[in-house]
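Asker: Please read through the structure below; I'll follow up with questions.
Bear in mind that the values in this text are calculations on the coordinates, not laboratory data. Keep in mind that this is a model prediction, so the values were computed, not measured. Note that each Cβ is placed from the backbone with ideal geometry, even for glycine, and that neighbours are counted across all protein chains shown.
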Amino acid sequence: MRAWAGLVVAAAFLAFPWILSGPFYERMGALVLLYALSASAWNLVGGYAGQISVGHAVFFGTGAYTALFVFNQWGLPPVTGIPLGILISILIAVVIGIPTFRLRGHYFAMATIAVAELIRILVANWPLVGAALGLGGPMVPRTWLDLSFRSPIPYYYMFVGVLALLLWITWQIERSRMGYYLRSIQGEERAARSLGVPVHRYKLYTYMLSASFTALAGALYVLMVGFIDPDSGFGILVSVEMIIMAALGGAGTLFGPLLGAIILVPLKETTNTLFGGAGTGITYVVYGGIIMLLARYRPRGLMGIWHDFAERRLQPRERDYRAA
Amino acid sequence: MGAVYALFSSGLTLIWGMMNVINFAHGDLVMIGMYIAFWTYVLLGGGPAVFGPLAAILLFMFGVLVYFALIRHVIDGPIISQILATFGLALLLRYAAFWAFSADFVTLPDTLLISGNIDIGGILIELPRLVAGVVALAVTVGMHLLLTRTTIGSQLLAVSEDRNAAMLMGIRPDRMQALAWGLAAAATGIAGALIATFYYISPTVGESLAIIAFVTVALGGFGSVPGAMIAGLLIGLIESVSAYAIGPVYKDVIVYSLFVAVLWVRPQGLFGRPE
């Protein structure tokens, strides 16, 4: 059932550029995938393990900056910065994770915000990484390794591939022992620990994996956009967008973040084009309203609504089937 | 400055200590307090003696409203809905302020409260800051006394200790928790009005102030008003010293690093009880 759903979603995404073509839709499709990627990465630690990180921008920015840093400093293609970015992100995850995972959930949320702001200010005042102006990518592609294309299509398919990989890994985790561990941690950590679940270790593993993929998302972002500055890399809104997309779709569900991105990215792009510069403000007012309503009425997100519906509608039939 | 930090951090620590909820919209309540001060001055021409109490009253009502409309429904839910609820509120307030007041920085005239500098043993202190600090300390101490020395205070603490037992004693937990939100928001509002007399006002000012409040609360120990007071003074001091010694840009860096260091070394804070 899950595998079939996955194949259908994958097929729909592969076919999308043929159904709605033109640069506007292609760019939008690529952005949806990119946001879905970072939201799904957040979902690993925020949804499955239930540790709410409000500073995931740290990893996004690190991935983005290292990709452009190796280009600006040594003239290497930005792609070669990806492993370095992932490595640094994992290190940061360990530094934040080890002290805070011993404490209760709120500490982790606050520590992640503080570290994200700390690094944002440092980067914004560090001339080597462009200070407040940020870094730019190659203007003209030198070789194909620069992965600089004019059309959004190559990026689109690249993002489909990476997202598919991440969702596949998530699915495997869900089905494995680790998935049970994470669900038990999210449900009641103390009970999980008393049953012998290595709580700290698994939270840290999940955080490291999540950090790696967020860094990768950041690197892919600059490959397409070709530019990063402290706010678009490390800004608190970058983290917030990951959270709200995952939460709207359903935190802790496989396709939730993707669903959230499919709804919110077009909404954001539309308000931005409709209202221009003032649109950003309105977008975030709407975001804030959505998050509050979700928290108040539907903490499990849209996928939660679907699960309730499915349980009510499909359960009796399944039971009949088994009885027969 | 430190005393004002102490005041608005005590609001955050009150809510945390009472019901284990971190209010991510805290900095934005400060921002609202600052705008109340600004508009009272612009529209009515009132000084701090007018807008201080006004900010307290308006934010008290706002705090109670937020509790009944939002917090009451997520307080027993998973941690994610608590974080999302207050975070959503923060975004809503911050960007609604952008929309309503535009992103421009505004300031109140310097001479509003009292002007000039005072020389204490070779250290120059701006008088507005000094007066704001003294008022903030007085309010913080007042809040501490309210919590520890009055019936209402013991009722509040009873609810935070054991909701059901308090209910059996004839205390209404909902009312008490709404009161805690109101008090916390009012303290924050006064702090905002005080800061407004010497600090720039902008919709995003709450963001950095909120992080300072978190650092203060973490350093002082969650739920401890005296802890928040001492930590607030300490952070104000560290900030001014590092701004002077290393440069104003890096004062936030020092404060945030301090926060991470506290988490590593003494996660329960200087005055908190270990969990």
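Asker: I'd like the distance separating the alpha-carbon centroids of the stretch A:84-101 and the stretch A:1-58, in whole Å.
Answerer: Rounded to whole Å, the Cα centres lie 24 Å apart.
Asker: Once you average over the residues of A:112-124, how many Cβ atoms of partner chains fall within 10 Å of each Cβ? Intermediate values should be presented prior to the final figure.
Answerer: Numbers: counts 0, 8, 11, 5, 2, 9, 9, 2, 2, 7, 6, 0, 1.
If you average over the peptide's residues, the count of other-chain Cβ atoms is 5.
Asker: For the stretch A:206-259 and the stretch B:172-248, what is the centre-to-centre distance using only Cα atoms, to the nearest Å?
Answerer: Answer, in whole Å: 30.
Asker: Give me log10 I(q)/I(0) at q = 0.05, 0.09, 0.11 Å⁻¹ for the protein assembly as shown, Debye formula, one equal scatterer per alpha-carbon, no solvent.
Answerer: -0.22, -0.73, -1.07
Asker: Same structure, new question: Per residue of A:41-50, count partner chain C-beta atoms within 10 Å of its C-beta, then hand back the mean as an integer. Let's see the in-between values first.
Answerer: Values: counts 0, 0, 0, 0, 0, 2, 1, 0, 0, 3.
Mean shielding count: 1.
Asker: Applying a 10 Å radius around every beta-carbon, put A:205-218, B:251-264 in order of their mean neighbour count, most first.
Answerer: On the way: A:205-218: 27.0, B:251-264: 19.6.
Listed from highest to lowest mean packing, they are A:205-218, B:251-264.
Asker: Each residue of the stretch A:173-186 in order: what ³J(HN,Hα) in whole Hz does its phi give by Karplus 6.51 cos²θ - 1.76 cosθ + 1.60, θ = phi - 60°, with x for Gly and Pro?
Answerer: Result, rounded to whole Hz: 5, 3, 7, 8, 4, 4, x, 5, 4, 4, 4, 5, 5, 5.
Asker: Hey, could you get me the Stokes-Einstein D for the stretch A:2-236, Kirkwood radius over alpha-carbon pairs, 10 °C and 1.306 mPa s, rounded to whole µm² s⁻¹?
Answerer: After rounding, the answer is 86 µm²/s.
Asker: Same structure, new question: What residues of the stretch A:1-40 lie in the reach of a label at A:Trp171, counting those whose backbone N is under 20 Å from a point 7 Å from the Cα along Cα→Cβ?
Answerer: Only A:1-16, A:33-40 fall inside the zone, counting backbone N under 20 Å.
Asker: Where Rh denotes the Kirkwood radius from the mean inverse Cα pair distance, what is Rg over Rh for the stretch B:209-249?
Answerer: On the way: Rg = 10.9 Å, Rh = 10.4 Å.
Expressed as Rg/Rh, it is 1.05.
Asker: Shifting gears a bit: Just from its helices, what would the mean residue ellipticity at 222 nm be for chain A, if runs of 4 or more DSSP H residues each count -39500 (n - 2.57) and the sum is divided by every residue, rounded to the nearest 500 deg cm²/dmol?
Answerer: Values: 14 runs with 246 residues, N = 324.
Only helices count here, giving -25500 deg cm²/dmol.
Asker: Is the C-alpha gyration tensor of the stretch A:28-108 telling us rounded, prolate or oblate? Criteria: a/c under 1.5 is rounded; beyond that, a/b larger than b/c is prolate, otherwise oblate.
Answerer: On the way: a/c = 3.32, a/b = 1.50, b/c = 2.22.
Oblate.
Asker: Take peptide B:253-265, look around each residue's Cβ out to 10 angstrom, count Cβ atoms belonging to other protein chains, and average those counts. Display every interim value, and only then the final one.
Answerer: On the way: counts 6, 1, 3, 10, 4, 1, 7, 8, 1, 2, 12, 5, 1.
That average works out to 5.
Asker: Given A:Ile52, A:Gly75, A:Gly130, which one lies farthest toward the positive end of the charge dipole of the stretch A:2-236, if we put +1 on the Cβ of every Lys and Arg and -1 on the Cβ of every Asp and Glu?
Answerer: Sorting the options by dipole projection puts first A:Ile52.
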